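Everything below concerns the one structure shown next.
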Amino acid sequence: MATSLVLADVHSNLPALQAVLQDAGRHAIFDTVLVLGDVVGYGAEPNECIERLRDYPCVIVAGNHDLGSVGRADLSQFSAEAAAACAWTAGRLSLASASFLSALALSAVQPPFMLVHGSPACPVWEYVVSASRARALRASCPQSHCLVGHTHVPAAYDMEAGASLAASAGARLSLRDGRFLVNPGSVGQPRDGDARAAYAVFDTDEAVLQWFRVGYDVEAAAAAIIRACLPVSLAARLRVGC
């Protein structure tokens, strides 16, 4: 069985990333890791998260925080907290990590998916939060389906019908009939009121995508943020998942 692990918005949260990789390994042996941007930002362990992902065969696209941390996006476009985290990250990236982020493409193709951080029309910045918008984006997606991140909320939209579909933990979506825009949720900073790390697994043979959640050591991630003198609110929000 061929499978892909689908991740988004790791945000330098190493405890969450490690928990996801361990948990996903119990469900399937994955051939590829598809990462939908924002490997860094907000959290305190950017180099460690990059190095951990590079242990795997990955397809990774750039998110706004990845770009902001290496000078590819103007920090005036970010909130004050996000800009502070990007500036902090920029000062602590290793040469290898900075080169890695600088080389990331804004979009990628891994059939049957187009991979972007935001949307197929605006790969970095657009938040897709409605079925009607997902339907309007279908012409911008050259593949059958699109994988996105950025909102930090698990979601699934039928791009043809303009309908929202279930995307809670355990939900399964067959991709055989229809065209779908899918968000796995955030590994490192969930914003749907559930503090557990979110991810998805795609079974290539069955053409089925399934969502998962896993608990991790939130206090370790929060403590690392505080030790780094990053905004305290970035630690507090990890505890409540918003």
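The values are calculated or read from the model by the stated rules, or taken from the named source; none is laboratory data. What you see is a predicted model, and the numbers here were worked out from it, not measured in a lab. So basically every Cβ, Gly included, is an ideal-geometry build from the backbone, and we count neighbours across all protein chains shown. What goes into the accessible areas is simple: the full protein's heavy atoms, side chains included, and nothing from ligands, DNA or RNA. Shrake-Rupley method; radii C 1.70, N 1.55, O 1.52, S 1.80 Å.
A few remarks follow.
- Scanning region 22-42 for residues that are part of a helix (DSSP H, G or I) and open to solvent by 10 Å² or more (accessible area, probe 1.4 Å) gives GLN22, ASP23, GLY25, ARG26, HIS27.
- Hits in region 122-178 (condition: within 14 Å of the chain's Cα centre (by Cα) and among the β-branched types (Val, Ile, Thr)): VAL124, VAL128, VAL148, THR151, VAL153
- Some residue of region 145-163 being surrounded by fewer than 22 Cβ atoms within 10 Å (Cβ to Cβ), more than 24 Å from ASP177 (Cβ to Cβ) and touching a residue at least 60 places away in the same chain (Cβ under 8 Å): no
- All of (1) open to solvent by less than 50 Å² (accessible area, probe 1.4 Å); (2) hydrophobic (A, V, I, L, M, F, W, C); (3) assigned to a loop (DSSP other than H, G, I, E, B) hold for VAL201 with one exception: (3).
- Restricting SER97, SER107 to residues that are at negative phi, within 14 Å of the chain's Cα centre (by Cα), modelled with pLDDT of 95 or more and not aliphatic (A, V, I, L, M) narrows the list to SER107.
- LEU93 being farther than 20 Å from ARG239 by Cα and either hydrophobic (A, V, I, L, M, F, W, C) or outside any helix (DSSP H, G or I) (or both): yes
- Condition broken by ALA87, with the remaining ones in (1) in contact with a helix residue (DSSP H, G or I) (Cβ under 8 Å, 6 or more places away or on another chain); (2) surrounded by 24 or more Cβ atoms within 10 Å (Cβ to Cβ) satisfied: (2)
- In region 79-95, the residues that are free of Cβ contacts under 8 Å to residues at least 40 places away in the same chain and farther than 17 Å from ILE225 by Cβ: LEU95
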